[in-house]
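What follows is calculated from the coordinates using simple rules that are stated; it is not laboratory data. What you are looking at is a predicted structure, and each value in this text was computed from that prediction instead of being measured. Reconstructed Cβ throughout: ideal geometry from the backbone, glycine too, with neighbour counts over all protein chains shown.
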Amino acid sequence: MAAARKRIAVLVSGRGSNLAALLRQDCGGDVVVVASNKADAGGLAIAREAGIATFALDARQFADRAAFDAALVAALNEHAPDLVVLAGFMRILSPQFTMAFAGRLINIHPSLLPSFTGLDTHARALAEGVKLHGCTVHFVTAELDRGPIIAQAAVQVEDDDTPETLAARVLVQEHQLLPHAVRLFCQGRLRIDGARVRVQPPAAA
Ligand code: NHR
Ligand code: GAR
């Protein structure tokens, strides 16, 4: 009997183009809930349009980061996700959160990690004069942007690039890379081996 499709929760803070890419392509699982720390996040509207459950938690209504994260874990678990995907989610998550979803929490980051962890990656890449830039999908751990790398995609940096033109070229790659990484997870092909992720061959047809 075929295995049940994986249940995917997606966390967004902004426009949600990576969420839209996940919904547009067969990512191997079903997005069952989209959540945000911003009630006006475009990603929530995309989810509602697609008939997907949504919720938003306002950090200002919680005493501290730990309380926000505990509420977020509880609200997500009501949807029994097999995988939680950060897709433009802009809040650093506490160890309590990353431990709650250890091994099934991934993020799409707009740089070739470990270069340019954190924010404002495209301007920083230009400032450093790198010739290759890109995006990374990695498992999320307590250490910010340093979890085991699942997949990466690179773009050439052009002499006339601005942060905006570079971001736009990287985003095209993100929209292919994230669904690819989610498919590998849903197919059970990812094995975390220390700091590395080994991708198993596809199951025999
Ligand atoms: N949490 C953990 N523990 N580990 C990671 O690897 C995480 C994470 C939460 C989010 C996404 C990451 C990115 O891809 C991500 C990875 C937000 C910040 C940040 O500084 C940094 C990295 C990322 C997301 N956030 C500020 C904060 O104080 C707020 C910034 C803002 O609101 O604009 O949370 O880039
Ligand atoms: C994407 O470029 C993603 O890599 C980046 O924000 C954008 C979200 O776009 N993520 C981060 O910076 C996370 N800290 P989207 O909302 O259209 O998917």
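Per-structure values
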read-out	value
Alpha-carbon Rg with Dmax, taken over region 85-162, Å	13.3, 44
Amide proton proximity set for LEU11, modelled H, under 5 Å, gap of 5+	ALA35, VAL85, LEU86, ALA87
In Hz, Karplus ³J(HN,Hα) per residue of region 29-44 (6.51, -1.76, 1.60; θ = phi - 60°; x = Gly, Pro)	x, 10, 6, 9, 7, 10, 10, 8, 8, 10, 4, 9, 4, x, x, 5
Pair ASP40, ALA3: separation of 7 Å Cα→Cβ label points (nm)	4.2 nm
Potential extension, GLU143-THR165 segment - 0.36 nm per residue separation minus Cα distance	5.0 nm
Per-residue ³J(HN,Hα) for region 114-121, Karplus 6.51 cos²θ - 1.76 cosθ + 1.60, θ = phi - 60°, Hz, x for Gly and Pro	x, 6, 6, 5, x, 9, 6, 5
Nonlocal amide H pairs with LEU105, under 5 Å, H built at 1.01 Å	VAL84, VAL140
222 nm mean residue ellipticity, helices alone, for the chain (DSSP H n ≥ 4; -39,500 (n - 2.57); rounded to 500)	-10000 deg cm²/dmol
Cα centroid separation, region 179-193 to region 50-103 (Å)	21 Å
Net lengthening on full extension, ARG24/ASP193 (0.36 nm per residue, minus Cα-Cα)	57.7 nm
Residue among PHE62, ASN77, ALA125 farthest towards the positive dipole end of region 52-205, charges placed on Cβ	ASN77
FRET efficiency, PHE55 to ALA154 (Cβ-Cβ, R0 35 Å, nearest 0.05)	0.50
Cα pair distances of the chain binned at 10 Å [whole percent]	9, 35, 37, 17, 2, 0
Using alpha carbons only: equivalent-ellipsoid semi-axes of region 34-133, gyration tensor based, whole Å	27, 17, 14
Candidates per GluC sites (Glu not before Pro) in region 115-202, loop by DSSP, up to 12 other Cβ within 10 Å	GLU143, GLU158
Under 5 Å, built H, 5+ apart or other chain: amide partners of HIS79	none
